[in-house]
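Written below as structure tokens is the structure these notes are about.
The values are calculated or read from the model by the stated rules, or taken from the named source; none is laboratory data. The shown structure was predicted, so the numbers you read here are calculated from the model rather than taken from an experiment. Every residue, glycine among them, receives a Cβ derived from its backbone with ideal geometry; neighbour counts consider all protein chains shown. Surface accessibility is based on the protein's heavy atoms, side chains included, excluding ligands, DNA and RNA. Shrake-Rupley method; radii C 1.70, N 1.55, O 1.52, S 1.80 Å.
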Amino acid sequence: MEFSARQSSVIALLVAGALFMEQLDGTVIATALPQMANTFVVAPVDLNIGISAYLLTVAVFIPASGWVTDRFGARAVFASAIATFTIASILCAASCTLAAFTAARILQGIGGAMMVPVGRLIVLRNTEKPDLIRAIAFLTWPALTAPVVGPPLGGLITTYSSWPWIFLLNVPLGIIGLALALNLIPNSRGEAGSFDWRGFLITGFASFGLMYSLESVARNRIDWRVTGPLLAASVAAGIYGIRHARRAVHPLLDLSPFALPTFAITVRGGLLIRTAISAAPFLLPLMFQLAFGLDPLVSGLLLLAVFAGNLGMKPATGSVLKTFGFRRTLLVNGSLVVATIMACGLMTPDTPKALIVAVLFVSGLSRSMQFTTINALSFSELSQERMSGANTLFSMMQQIGSALGVAIGAIALRVAGIAHPDSAAVTVGDFHIAFVAVGLVGLAGVIEFRRLPAHAGEVLRERPATGRQS
């Protein structure tokens with residue numbers, strides 16, 4: 001059943017709120033690590049397991065989200081995910097040991113793995129194609145704003161309160177979201193065959209190995225005796241998983257959406273551009289603090305310009321796409337995304353703050369436009385039967401792109417540091433090289449979008465003459 005534009009917008013806002021709660025939780029924790037380490041009587045670096053446990057759990061369970069939703073219904077799964085995430089947040093806040101905290105984060109990861117893709121699937125299934133741009137615009141702001149808002153919010157909480165409040169803030173949000181989900185979301189189901197246990201184990205291991213390897217690289221915890229073989233094994237498992245999915249009667253991962261050029265090209269280009277965009281929230285705070293000598297507060301305030309740009313683009317998204325079309329928007333706006341990333345690689349400690357804010361604001365505008373366009377176009381030509389499988393694939397690519405962005409940014413910094421082996425400190429020049437490297441990755445994504453047909457996304461720009469269903 002498809003709803004009116006107003007009903008679809010309300011559901012999209014509900015899902016966006018849940019996604020923001022989930023993604024904020026993953027970024028706000030970073031600034032609280034020293035305080036949490038004192039509570040658990042461990043070194044701050046030991047708490048990386050709490051961050052990694054969550055990300056790895058999400059990576060393992062996302063492939064199963066489509067089948068679980070088709071089997072038990074969207075409302076039941078989404079509501080259960082919110083409840084699980086909320087309960088896990090309480091357990092995180094109540095943790096007195098690192099082991100208890102890690103177990104709570106694993107439970108939280110299970111909830112997050114269901115909440116993110118299932119939430120998007122609910123919006124896709126209950127929104128008419130001409131209203132999809134507006135609905136998708138709501139779903140993009142959590143991924144764009146959480147990495148920017150999280151660090152300063154975490155610093156504020158840990159400075160004036162205590163770290164458990166980072167997780168306790170989720171409780172009222174979770175209760176409200178659960179009540180609204182039970183009342184607003186239909187319990188729609190798809191056709192679910194028998195569960196593909198072999199596919200789950202293969203894709204679970206491949207996702208786990210890849211995400212663990214990327215996390216190790218990004219957090220400078222590389223033991224190549226473990227990371228190297230695990231990365232190779234995860235790639236091999238991924239290749240075998242693709243062969244399995246093509247042969248299985250009811251595969252866990254439905255690869256048929258890749259037969260549609262619009263979906264395949266947009267996902268490939270989107271993976272590259274997301275990788276570049278995801279590197280910026282990792283590199284910018286480090287550059288401002290380590291290379292420019294700014295304190296965390298000033299650094300956080302500068303990053304709020306990106307947040308302002310994200311929000312500022314939302315009202316104009318639909319008009320831009322209707323005027324210029326999807327292909328032209330992805331190419332022109334994508335080039336602007338790359339240009340703002342490269343511009344960050346030209347900044348120095350002497351760059352006026354006003355100019356930095358202006359560049360970051362434009363970056364926020366273009367990032368928001370690009371994500372909304374990619375997310376909407378990816379699903380524009382898909383039938384309802386293919387929507388669940390395509391959504392699972394899209395969610396996995398999002399996870400990989402975000403992890404790749406941080407990993408490539410970290411690798412670029414280390415490679416740049418080879419030029420001054422006698423100094424352990426990163427320099428402004430190191431960050432310039434890193435931003436150029438990730439900018440080139442984004443440029444490759446823009447070039448991929450050139451393969452899109454000129455008419456791509458037309459179904460999202462024109463309303464059928466039969467009118468709206470309700």
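Observations on the structure shown:
- Shown are W197, W163, whose ranking by accessible area with a 1.4 Å probe and every protein chain present, most to least, is W197, W163.
- Peptides 366-378, 88-100, 266-278 ranked from most to least packed, by the mean per-residue count of other Cβ atoms within 10 Å: 366-378, 266-278, 88-100.
- Share of alpha-carbon pairs per 10 Å distance bin for region 316-470, given as whole %: 9, 30, 32, 18, 8, 3, 0, 0
- Residues in region 309-322 carry Karplus couplings, in order, of x, 4, 5, x, 7, 3, x, 9, 4, x, 5, 4, 5, 5 Hz; the curve used is 6.51 cos²θ - 1.76 cosθ + 1.60 with θ = phi - 60°, and Gly or Pro positions show x.
- Estimated dipole of region 131-222 in Debye, rounded to 20 [Cβ of Lys and Arg +1, of Asp and Glu -1, Cα centre]: 180
- The chain - accessible surface per residue (Å², probe 1.4 Å): 41
- Region 16-85: C-alpha gyration tensor shape, a/c 1.5 cut-off, then a/b vs b/c: prolate
- Considering every alpha-carbon pair of region 1-160, the percent of pairs per 5 Å bin, from zero through the bin containing the longest distance, is 1, 9, 17, 19, 19, 13, 9, 6, 3, 2, 0.
- Overall Cα dimensions of region 326-407, principal axis frame, Å, largest first: 55, 29, 15
- In the context of the full protein assembly, M211 retains an accessible surface of approximately 10 Å², using a probe radius of 1.4 Å and ignoring ligands and nucleic acids.
- A simple rule links phi to the HN-Hα coupling: the Karplus curve 6.51 cos²θ - 1.76 cosθ + 1.60 with θ = phi - 60°, which for region 73-89 gives x, 5, 5, 4, 6, 5, 5, 5, 5, 4, 4, 4, 5, 5, 4, 5, 5 Hz, with x for Gly and Pro.
- For region 239-248, Karplus couplings with θ = phi - 60° (6.51, -1.76, 1.60), whole Hz, Gly/Pro x: 5, 5, x, 5, 4, 5, 5, 6, 9, 5
- Proximal lysines to K129, defined as alpha-carbon separation beneath 27 angstrom and excluding residues fewer than eight positions away on the same chain: K314, K322
- Which of A94, Q384, A434, positive extreme of dipole for the chain (C-beta unit charges): Q384
- Carbon plus sulfur fraction of accessible area for the chain, probe 1.4 Å, in percent: 67
- Inverse of mean 1/r across different Cα pairs in the chain, Kirkwood, Å: 22.6
- Overall, the chain carries a charge dipole of about 960 debye about its Cα centre when +1 sits on the Cβ of Lys and Arg and -1 on the Cβ of Asp and Glu, all other atoms neutral.
- Note on region 70-186: Kirkwood radius taken over Cα pairs, Stokes-Einstein applied at 37 °C and 0.692 mPa s, translational D equal to 210 µm² s⁻¹.
- Projecting the Cα atoms of G155, A248, I411 onto the charge dipole of the chain (Cβ charges, centred on the Cα centre) puts A248 farthest toward the positive pole.
- Think of the chain as having a plus end and a minus end, set by charges on the Cβ of Lys, Arg, Asp and Glu; of L124, L47, L33, L124 sits farthest toward the positive end of this dipole.
- Estimated dipole of region 195-287 in Debye, rounded to 20 [Cβ of Lys and Arg +1, of Asp and Glu -1, Cα centre]: 140
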